[in-house]
1. Just to check your reading of the model, which residue among S520, S548, S593, S558 is more than 20 Å from W191 (Cβ to Cβ) and more than 16 Å from ligand 2 (Cβ to nearest atom)?
2. Identify, from the list K514, K519, K530, K525, the residue that is of a type in the set (K, R), without any contact (Cβ under 8 Å) to a residue 60 or more places away in the chain, more than 16 Å from ligand 1 (Cβ to nearest atom) and surrounded by 16 or more Cβ atoms within 10 Å (Cβ to Cβ).
3. What are the residues in region 548-590 that are assigned to a helix (DSSP H, G or I) and either out of contact with any strand residue (DSSP E or B) (no Cβ under 9 Å at 6 or more places or on another chain) or surrounded by fewer than 19 Cβ atoms within 10 Å (Cβ to Cβ) (or both), if any?
4. Taking region 424-463 as the search range and keeping residues that are among the polar types (S, T, N, Q) and out of contact with any Ser or Thr (no Cβ under 8 Å at 6 or more places or on another chain), which one is nearest to ligand 1 (Cβ to nearest atom)?
5. Among the listed residues V636, V643, identify the single one that is modelled with pLDDT under 95 and over 22 Å from the mean Cα position of the chain (by Cα).
6. Restricting to region 221-265, name every residue that is of a type in the set (F, W, Y) and within 10 Å of ligand 1 (Cβ to nearest atom).
7. Taking the condition more than 21 Å from W211 (Cα to Cα) and more than 16 Å from ligand 1 (Cβ to nearest atom), does K567 pass?
8. Against the condition basic (K, R) and either modelled with pLDDT of 95 or more or touching a Phe, Trp or Tyr at 6+ places or on another chain (Cβ under 7 Å) (or both), how does R435 come out, does it pass?
Amino acid sequence: MEKYQHLKIEKKWQKIWAEKELFKTPDKIEGKENFYHLVMFPYPSGNLHIGHWYNFGGADVFARFKRLKGYNVLSPIGFDAFGLPAENAAIRHHIHPKTWTYRNIKKMKKQLQSIGAIYDWSREIITCDPSYYKWTQWMFLEFFKSGLAYKKKAPANWCPKCKSILANEQAENGLCWRCGTQVEQKEVEQWFLKITDFAENLLNDLEKLDWPEKTKLMQKNWIGKSEGAIIKFPISNFQFSIEVFTTRPDTLFGATYLVLAPEHPIIEDLKSQILNFKQVKEYIEKSKNKTERERISEVKDKTGIELKGIKAINPVNNREIPIFLADYVLIHYGTGAIMAVPCHDQRDFDFAKKYNLSMIEVIKPKKEVSEKNKLVFSNGKFKKAYEEEGILINSERFNGLESKRAKEKIVEFLEKKGMAKKTVYYKIRDWLVSRQRYWGAPIPLVFCPNCQKLIEEAKLKISDLKQASSSNFKIKNLEFSLGEIINPGWIAVPQENLPVCLPKINDYLPEEGKSPLIKSAKFVKTTCPKCQGLAQRETDTMDTFICSSWYYLRYADSRNEKEFASKEKIKNWLPVNIYIGGAEHAVLHLLYSRFFTKFLKKANYLDFNEPFLILKHQGTILGTDGQKMSKSRGNVIDPDEQVKKYGADCVRMYLCFMGPYDQGGPWDPKGIVGIYRFIQKIWKLFIDSPKIKIQNPNLEILMDKTIKKVTEDIENFRFNTAISSLMILINEIQKNKIENKESSKEANKENSNEIWKKLLLLLAPFAPHLAEELWQRYIIKNPNFLPENSVHNQSWPQYNEKLIEEKEIILILQVNGKVRDKIKTKIDISEQKAKEMALSSKKIKKWIANKEIKKIIFVPRKLINIVV
Ligand code: ANZ
Ligand code: ZN
């Protein structure tokens with residue numbers, strides 16, 4: 001018998017499919033609906049790992065299924081190719097980032113091709129290619145021109161020894177990755193995109209999305225809408241007041257002190273009144289070296305310092321309360337100041353306890369609450385805060401109100417005195433998009449001192465700008481965009497001069513807080529496109545997340561040189577029907593992409609406002625030890641090795657069989673062997689004798705049932721149970737297979753052929769190479785391959801719903817040919833089960849008692865005869 005040679009078969013079909021361009025996707029096919037199926041494109045690290053395989057393999061099962069279901073499926077692929085590792089390799093191994101990246105792409109392309117997926121390689125994109133980043137730059141300029149890009153100082157990781165800005169991953173544990181020096185926070189001018197303008201939209205539209213609930217919740221929390229009020233606390237004997245943001249105005253009577261963030265600007269104004277200013281200054285300096293995360297992490301030991309000499313006045317009862325600085329309050333959220341209510345906020349409670357500050361209980365639980373959540377008072381002390389809502393006490397005329405109502409009433413009362421205002425805050429911050437690095441798309445702006453002067457002298461007010469009908473503003477015959485007005489001196493590179501290409505440099509280390517691009521004088525020195533004066537190029541590059549925020553649009557028209565994609569082609573394909581990739585991107589890439597889409601919709605380039613209608617996450621494949629795969633643990637499974645050993649079809653199928661797609665699980669070397677045997681069983685079944693006599697009508701029912709099950713399972717990404725039902729089917733077919741010579745009747749041949757055909761079609765999404773090989777050999781039987789004859793260009797098998805309805809029948813029970821009993825059973829009861837039932841019938845037992853059973857004859861759907 002011919003052996004199953006996976007390597008030979010898989011290479012052969014990959015080659016033929018590529019040559020015949022089987023998976024090249026036309027923009028339209030008469031009579032077919034388009035379906036845009038997308039996986040998150042990989043970073044060219046140089047090695048496709050098993051996680052990629054799981055993502056791409058499973059996704060391809062779905063793509064192939066959709067194709068067989070009659071859709072014109074677009075399944076493109078490319079590389080997210082800018083980013084730090086290329087630069088690190090350049091610094092360490094003296095190889096140009098571009099060389100490194102393209103070398104990796106070449107290797108990974110081979111690995112990707114070994115999956116046997118239906119990628120349309122003619123649409124491949126590589127984000128570090130100038131033909132792509134030209135449009136990334138164009139996108140940036142669209143934001144800039146609309147006034148949604150601005151420059152502002154922001155803290156960055158700074159190594160004082162290397163005099164270099166570090167990425168977060170280069171400053172792990174607060175130490176510089178190169179020299180181990182303690183990293184400081186340094187204020188550097190950075191570009192931001194105003195994602196906050198879209199916060200409400202990003203939040204509300206989550207509802208429309210068929211995404212995992214967990215991912216939607218993460219985005220919701222990240223956006224962090226908070227409804228509350230700003231309340232003014234005057235400072236005694238001083239013209240200043242402090243504004244705090246609170247979501248709990250109902251607790252105002254319990255506010256026993258205020259806390260300001262150490263960076264709060266009012267401290268400068270109050271300087272002359274603060275008696276302990278020297279110590280205060282010291283505290284401020286100390287807090288500068290902590291990152292935001294350290295500050296808010298739930299350490300019990302909160303630090304702070306009182307501003308001696310000044311007091312604030314609680315506007316609701318005119319009580320004087322002390323003011324503190326503490327770094328658990330952040331400057332960038334709300335107003336950078338809070339009213340502290342120790343009885344009802346645990347952070348305030350911890351702080352008050354440490355500094356021995358007074359506490360007033362103002363909220364009583366509505367019903368009995370569990371001991372755990374109660375505000376326990378014993379030995380004259382509170383033990384912990386009660387943070388839920390409830391009924392007001394110790395709040396004068398608001399006593400007895402419920403929290404919800406009290407919030408309204410108290411804000412209303414203060415609003416009349418001009419002391420409060422309802423307010424909504426979002427946690428989400430504007431997106432810091434500039435990087436002081438080499439391997440990224442250059443930000444396409446130049447700085448022109450001449451134009452800066454012009455704009456500053458014109459003293460346009462932002463409010464005038466927003467009302468202006470045209471998007472451009474004329475100053476002395478020069479036209480400026482909104483972005484140019486709000487960022488005086490920064491001028492957009494005209495579209496016809498894009499892309500601004502990365503220059504070649506030899507030294508990739510950032511210098512004095514600036515991008516290494518500053519080392520290329522040729523790059524930096526330029527003329528202003530507006531006034532032709534001397535100008536300097538921006539040397540920062542863009543965050544790579546910008547490249548990936550719009551790539552799904554480019555696939556629709558990836559070779560277009562005039563637009564990022566034509567309107568017509570976008571209409572053909574977008575939005576993406578299904579997007580498949582890792583959950584780790586929940587609040588980064590997946591949020592940024594939504595932001596880009598919403599912006600482009602607003603700017604009239606798109607007519608939809610969500611990029612990905614359905615989202616699926618694959619789970620994580622763990623090592624055989626159940627741990628995360630890592631080199632140090634030595635539990636990494638190399639997909640290339642597995643493919644060599646068992647074949648791509650087997651690896652695909654094994655990964656699909658491991659469990660529900662979104663769960664993954666530990667790699668089991670025995671499990672993949674099991675699948676390998678299963679594949680060989682199929683192979684043998686065909687090679688031995690591809691004909692079955694349909695002597696068992698239950699096989700037809702089972703086939704229909706299996707089609708139904710596999711269809712529904714693939715639709716719901718339950719690949720594992722789809723494969724299980726294929727296994728059952730194959731076993732049953734094997735049992736019913738009889739020798740070639742016996743199945744000579746034409747009718748039976750027809751039937752048999754149908755069974756084989758359907759079986760191969762069901763197999764095709766999982767094991768595309770094997771299915772094609774067997775399809776060509778036994779169904780098509782033409783040595784010349786024609787694309788229309790490919791198993792992947794057929795239609796998904798149909799099933800007969802009526803046939804598989806679980807109808808009941810009356811099964812006749814005979815002993816020696818005489819009817820002795822009748823039982824009700826399912827129509828497709830198995831022989832084994834029918835025998836068991838017959839033998840346990842009381843009436844039958846009587847007739848066979850003490851007799852030797854010679855044989856049992858089973859006629860499906862009709863009778864069972866026991867011969868004694
Ligand atoms: C008084 C109060 C009483 C508060 C109470 C809570 C419970 P979310 O929901 O996250 O928006 N807060 C406001 N600005 C802050 C800042 N810059 N840094 C740290 N904390 C800040 O939280 C809003 C609450 O977080 C606000 O309501 C404020 O504390 C605190 F029983 O005000 B609350
Ligand atoms: Zn100029």
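The values are calculated or read from the model by the stated rules, or taken from the named source; none is laboratory data. Computed from a predicted model, the values in this text were never measured in an experiment. Ideal geometry is used to build each Cβ from the backbone, glycine not excepted, and the neighbour counts take in all protein chains shown.
1. Going through S520, S548, S593, S558 in turn, just one is more than 20 Å from W191 (Cβ to Cβ) and more than 16 Å from ligand 2 (Cβ to nearest atom): S558.
2. Of the residues listed, the single one that is of a type in the set (K, R), without any contact (Cβ under 8 Å) to a residue 60 or more places away in the chain, more than 16 Å from ligand 1 (Cβ to nearest atom) and surrounded by 16 or more Cβ atoms within 10 Å (Cβ to Cβ) is K519.
3. L553, D557, K567, E568, K569, I570, K571, N572, A583, E584, H585, H589
4. The selected residue is S463.
5. The conditions single out V636.
6. Once the filter is applied, which keeps residues that are of a type in the set (F, W, Y) and within 10 Å of ligand 1 (Cβ to nearest atom), region 221-265 yields only F245.
7. Considered against the rule, which asks whether it is more than 21 Å from W211 (Cα to Cα) and more than 16 Å from ligand 1 (Cβ to nearest atom), K567 comes out as yes.
8. no
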